[in-house]
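See below for the structure under consideration.
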Amino acid sequence: MRNLLSMTMENLEEYFLSIGEKKFKASQVFEWLYKHREYNIDNYSNIKKEIRDRLNEDFNTDFIKIKKKEEGVEVKKYLFELLDGNYIEAVLMEHDYGKSVCVSSEVGCNMGCKFCESGRLKKVRDLETYEMVEQIILIENDIKEKVQSVVIMGIGEPFDNYDNVINFIKIINHAKGLAVGSRHITVSTCGIVPKIEEFSNLPLQVNLALSLHAPNDEIRNKIMPINKVYNISKVIEAIKKYIAKTNRRVTIEYVMLNMVNDSVDNAKELASLLRGMNVYVNLIPYNETNNIDFRRSTRIKEFKDTLLKSGINATVRREFGSGISAACGQLRSKEV
């Protein structure tokens, strides 16, 4: 039985047509789910009882639950327990422009990035669409405020769970869904080239971020196994095609690892790689964990200054939650 919160507006319209009903019923269901936050189908009073009965036969509205919450300055980390007993997590961050949530897309991750806590725990399964949607709903219910922006950058590789992630985006972006603006939604990928190309063909104005983390194949091969399948030249070519097709700027994520990828020469090489592209580099201070030996770079400012002098836009990601289990997968790893 499918969860009703996995259904996009288009899915529901097709469903109602398939049972001989008018497709506007889909809008009514969306309003109950996302405006009224009503999950008991029997209470959908503007829908005929026989249709409500059919909905109850075909769908459930089961919810994941908040298992644990850790709070820091302008940040909350949520551990969710799924219906099958697995755990995922999400992070709420407070910015001057509003509330942002970083959601997970998989239980575990198969990409195996050496510096990542999530990659240390192998992928168990994809998240269903509703399990991503409910992360946001439960956080909004907890803080009693609306979330303004969403990044799909938590546990998992979003493009390894492509269809569910795209449906999630459609639901949260829809005006009668969670109504998060396109330009306030960001998908992060470690560089699955065919999916970058597929993503570029969608009529979605959402943002794309590439987790690059190295300026050359030698370094990237050591810290990101995906590079042996889609090396830097293939990934950069895919990003160039994406930019040409969508005319959208891409964020280059670059985690700063001490004595690994953070030298001035690395910065110059990165600048050379990205020169002329509509991108900016987001330098990420590394969140150290007890399970992984990498350490935070002490040369972030020097690296950033080298990029700027080379004509590459660069920012240092504001740090959240260094006092809590903020590294991706860190809170979950305590439970499994």
### Summary
Matching residues in region 257-281 (over 22 Å from SER188 (Cα atoms), surrounded by 15 or more Cβ atoms within 10 Å (Cβ to Cβ) and among the acidic types (Asp, Glu)) number 1
### Message
Can you find a residue that is crowded, with 17+ Cβ neighbours inside 10 Å, within 24 Å of ASN173 (Cβ to Cβ) and either in contact (Cβ under 8 Å) with a residue 60 or more places away in the chain or in the same structural domain as SER100 (by TED's automatic domain parsing) (or both) anywhere in region 36-53?
### Response
no
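Against the condition surrounded by fewer than 18 Cβ atoms within 10 Å (Cβ to Cβ) and under 21 Å from the mean Cα position of the chain (by Cα), how does LYS65 come out, does it pass? Outline the logic, then answer.
Details: surrounded by fewer than 18 Cβ atoms within 10 Å (Cβ to Cβ): yes; under 21 Å from the mean Cα position of the chain (by Cα): yes.
Spelling it out, LYS65 is indeed surrounded by fewer than 18 Cβ atoms within 10 Å (Cβ to Cβ) and under 21 Å from the mean Cα position of the chain (by Cα).
Restricting attention to region 253-272, does a residue exist that is at positive phi and not aliphatic (A, V, I, L, M)?
Within region 253-272 (the criterion being at positive phi and not aliphatic (A, V, I, L, M)), the answer is no, since none of the residues qualifies.
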### Query
Across region 199-221, what is the number of residues that are free of Cβ contacts under 8 Å to residues at least 24 places away in the same chain and either under 22 Å from the mean Cα position of the chain (by Cα) or surrounded by 20 or more Cβ atoms within 10 Å (Cβ to Cβ) (or both)?
2
### Query
Among all residue pairs at least 6 apart or on different chains, which show Cβ distances below 7 Å where the first residue, located in region 225-252, is not assigned by TED's automatic domain parsing to the domain that holds GLU197 and the second is surrounded by fewer than 16 Cβ atoms within 10 Å (Cβ to Cβ) and in a helix (DSSP H, G or I)?
none
### Message
One residue is enough: does region 312-328 have a residue meeting the conditions over 30 Å from LYS67 (Cα atoms), modelled with pLDDT of 95 or more and not in a strand (DSSP E or B)?
### Response
yes
## Note on the structure
Checking CYS116, CYS109 in turn, the sole residue that is over 28 Å from GLN205 (Cα atoms) and either assigned by TED's automatic domain parsing to the domain that holds VAL260 or modelled with pLDDT of 95 or more (or both) turns out to be CYS116
### Query
Do we find a residue being without any contact (Cβ under 8 Å) to a residue 60 or more places away in the chain, within 18 Å of ILE137 (Cα to Cα) and out of contact with any Gly (no Cβ under 6 Å at 6 or more places or on another chain) anywhere in region 8-20?
no
### Message
Quick check on my filter: what residues within region 1-35 are under 18 Å from ILE172 (Cα atoms), assigned to a helix (DSSP H, G or I) and of a type outside the set (A, V, I, L, M, F, W, C)?
### Response
SER6, GLU10, ASN11, GLU13, SER27, GLN28, GLU31, TYR34, LYS35
### Query
For region 244-271, how many residues are under 10 Å from PRO215 (Cβ atoms) and within 18 Å of the chain's Cα centre (by Cα)?
1
### Query
Restricting to region 276-293, what's the tally of residues that are more than 23 Å from the chain's Cα centre (by Cα) and closer than 30 Å to ILE243 by Cβ?
2
#### Entry: Which numbered condition GLY98 misses (of (1) at negative phi; (2) in the same structural domain as THR186 (by TED's automatic domain parsing); (3) in contact (Cβ under 8 Å) with a residue 12 or more places away in the chain)
(1)
### Message
Among the residues that make up region 167-178, is at least one of them touching a residue at least 60 places away in the same chain (Cβ under 8 Å) and either small (Gly, Ala, Ser) or not assigned by TED's automatic domain parsing to the domain that holds GLU94 (or both)?
### Response
yes
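The values are calculated or read from the model by the stated rules, or taken from the named source; none is laboratory data. Quantities reported herein were computed from a predicted structural model and do not represent experimental measurements. Cβ: placed from backbone, ideal geometry, glycine included. Neighbour counts: every protein chain shown.
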